[in-house]
């Protein structure tokens, strides 16, 4: 399983409703991309001072790397990703992506 971790810094003018709509767009991808499992969203709740400006994040679990790779190039993901990036502080500067391979010990 691949856990796709995305950390973001939303612009200050992005409303809660817009963030919820972006989350809904990403969640909807589950119905069109095979091998895409749980999607989880949250504001950062860590008490540690290491967030480096990333205020929110989400994870998406994929059955395997092939499913993740299909998601990356899927046109629905490209649209949802563009909407997300447009809402971030500095565009892609307000984004960090990190994938974990949970099948390896």
Quick one: order 84, 29 by neighbouring beta-carbon count within 10 Å, fewest to most. 29, 84
The residues 58, 98, sorted from fewest to most surrounding Cβ atoms within 10 Å, come out as 98, 58
Only Cα pairs within less than 10 Å get springs; with that Gaussian network setup on the chain, which residue of 14, 45, 32 has the largest fluctuation? 45
How far is helix 16-28 tilted, in degrees, relative to the longest principal axis of the Cα atoms in the chain, given as a value from 0 to 90 rounded to the nearest 10? 10 degrees
If the chain between residue 72 and residue 42 were fully extended at 0.36 nm per residue, the gain over the current Cα-Cα distance would be 8.7 nm
Proxy reagent accessibility, fewest Cβ within 10 Å first, across 25, 34, 17: 17, 34, 25
Quickly work out the residue 17-to-residue 96 label distance, labels modelled 7 Å from Cα along the C-beta direction, and quote it in nm with one decimal. 3.2 nm
Shape of the chain, Cα gyration tensor, a/c cut at 1.5: oblate
Summing -39500 (n - 2.57) over every DSSP H run of at least 4 in the chain, dividing by its residue total and rounding to the nearest 500, the 222 nm mean residue ellipticity is -10000 deg cm²/dmol
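Every read-out reported here was derived from the displayed coordinates using simple, explicitly stated rules and does not represent laboratory data. Owing to the predicted nature of the structure, the values given are computational and were not obtained by experimental measurement. Here the Cβ is made from the backbone with ideal geometry for all residues, glycine too, and neighbour counts use every protein chain on show.
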